Amino acid sequence: MPANHLRASDGEREPLLWRGIPLRPPPWPWALLVTTIALAAAIGSRVAVLGFPAGMGPSSTFFPAFIVATLYGGPRWGWGAWLVAVAIGAVSPWSPVQDPSRQGVLALFALSGVATVIVAGGLRTALVRLRQEAGARHHAAGRLRETEARFRSLADSAPALLWISRLGGAREFVNTAYVAFLGGSYDDALHIDWRARLHPDDLQRVLREQAAGESAMKPFSLEARYHRADGAWRWLKSFSQPRLDPGGAFAGFAGIAFDVTEAKQVEASLQHINDLLEDRVEIAVAERDEAQAALLQSQKLEALGQLTGGVAHDFNNLLTVIIGALDIVQRYPEDIPRTARLSKAALDAAQRGERLTRQLLAFSRRQPLRPEVAIVDALLRESETLHRGALGERFMLDLSLAAGEAPVSIDPAQFDAAIMNLLVNARDAMPGGGVVSVTTGLADRPASGDLPAGVYLIVSVQDAGEGMDEATQARVFEPFFSTKPVGKGTGLGLSQVYGFVRQSGGEVSIISAPGMGTTITLVLPLATTPPDTDEAAGPAPREILTGLNVLLVEDDPEVAALAEIMLRELGHEVRLAIDPAEALALVARDPDITLLLTDVVMPGEMTGVDLARAATAARLGLTVLLSSGYTGDTLAFAEQAPWPLLRKPYTLDALAAAIGDAVEDVARQYVNG
């Protein structure tokens, strides 16, 4: 008989009745055999009791056969057994149905058999269902045990600590790594108090973080040092995930923890290395800054040495002329023609020294400019004859002026000097002669250097001379740097151009290459106001004022002596003071003083401007004339002061004109006031 019934799992046995009831209809030979045996057993038992032929009649002994056939083969085999039994009872010669009493018995037997088969069929259906459900339960239980065994095997093979906790935090499962970390038994691991294993420095923090995470019933992470069973402190990083029961309610946490001690050590090592690198970088940067400072200082000293050498060379030449001329004049005062000639030579040398000083100040951007709104094209046209004369007959000056009436704020005299320097350099770069081009125009330039984006006026001077290499271009604006032979140039021409343009708020660029000529371009910002178009005649000649009582304040004795001689030559009385304190005392004592002529740069804390303010406050109507050759940090105060400024060195005529302007300014203030 085939075993088509379900088997119980893990040693559990099904009830005997269940094992005799197939879940599916058996093959018909087996069903026929069981039905036949059941009927034969029923007939045999009756014949054994009643004998033959009485035992062949219908009887309740057939009912167990109906039940067996129905339970094993199904209702159709039960009905088949019922038909056989009814046929035996109806047609058997040993059980005649002609007897009315036998007919009633047969009818009752048939009805009882029908009921028996129906009840047996229902019982079979119920038993099959029960057996199926029980089998399913046994199968599910087996799968569950298999899944639990697989999960435990997987959890125990993991190198990380795994656990499952119930509500309240008690552990209901831990893996082998968990037990091994703690030491002891599995039961000890389930009931361990982790607070006893936490590092004291981490305890309070971890307790706070754990309480916050568990109360929120959301995933949370902890990282701390724990005492392992072997006595070592190990860093563990844990992750806890809430878990839900089949109904969806919160049932506790499932967690995993990794030993991150090595990672922490690597992190600490990296931090240490990073700190060392930072220290070394700071040292390297400090060494670099120190080296750069030393290099800069060396470059400054080199530039200063070159500057002082150049200045000394030029001034020694000038002083040679001045000293030599004055020495001869002093030796031979009666030689009037030679005295006049040598005096003129000394004066020319002194004026060359003045120009040299202005060029130095222009390069250092300390030369006080007298800016005014001007038209560059008009300035170039006015100076065209002078420029052509400076170039000489072998050169042609090509003017291409396209800037129109665009105004710029510049010092016209310094601009003319800058153009003259560029033309002279272009001439010297072409010994055989040639064309020097001067071009102007407007250009929309992007932002570069200190200049914002915008429209600028461009002035370019181009030659077709020898050109310059990159090394020469890098130094071309340095003072006293020159590619010309000794005695052929001061080396201040391009430095004056650079200083003038930078002071005027612009930039200078150079394009050159050996054998390709040179183009130097001046970039000047446009003025916001138009130029003054008042073409009134110059100031009318005026008589030289005399008879003033002048207070001269000068700390340099030689300059003071010369200025006193010049003032007396102009017919003025002179009182001399060497510092502001003495000057203020004289102003307070002498009410006849009408003019204060003071140097701007003075010893002590007070400047000449401060002295003028104090003196005019003490003496209303006092005329003030400032004088200086280099105002340094007081330049802004001197130019913004309400008194005229006489620049050193000055001639007798310049001194007389400045005194006249100062007196007229005071008179004008009284008239307007």
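Just so you know, all these numbers are worked out from the coordinates, no wet-lab data involved. Remember, predicted model here, so these are calculated numbers, not experimental data. With ideal geometry, Cβ positions are generated from the backbone for all residues, glycine too; neighbour counts draw on all protein chains shown.
Can you work out the Karplus-derived ³J(HN,Hα) for every residue in region 125-142? Use 6.51 cos²θ - 1.76 cosθ + 1.60 with θ = phi - 60°, whole Hz, and x for glycine or proline.
4, 5, 5, 4, 5, 4, 5, 4, 5, 5, x, 5, 5, 4, 5, 5, 4, x
Quick check on region 158-259: take the gyration tensor over C-alpha atoms, sort the square-rooted eigenvalues as a ≥ b ≥ c, and tell me if it's rounded (a/c under 1.5), prolate or oblate.
Details: a/c = 1.95, a/b = 1.32, b/c = 1.49.
Since a/c reaches 1.5 but b/c is at least a/b, the shape of region 158-259 is classed as oblate.
Rounded, prolate or oblate for region 181-225? Axes are the square roots of the Cα gyration tensor eigenvalues, ordered a ≥ b ≥ c, and the cut-off for rounded is a/c under 1.5.
Oblate, since a/c reaches 1.5 and b/c is not below a/b.
Using the Cα gyration tensor of region 549-672, with a ≥ b ≥ c the square roots of its eigenvalues, what is the shape: rounded (a/c below 1.5), prolate (a/b larger than b/c) or oblate (neither)? Before the final figure, lay out the partial values.
Working: a/c = 1.11, a/b = 1.04, b/c = 1.07.
It comes out rounded by the Cα gyration axes.
Hey, got the dipole for region 549-672? About the Cα centre, +1 on K and R Cβ, -1 on D and E Cβ, debye to the nearest 20?
360 debye
Full-extension gain between ALA126 and LEU108, please, as 0.36 nm times their residue separation minus the C-alpha to C-alpha distance. Walk me through the numbers on the way to the answer.
Working: separation 18, 0.36 × 18 = 6.48 nm, distance 2.71 nm.
Extending this stretch completely gives an extra 3.8 nm.
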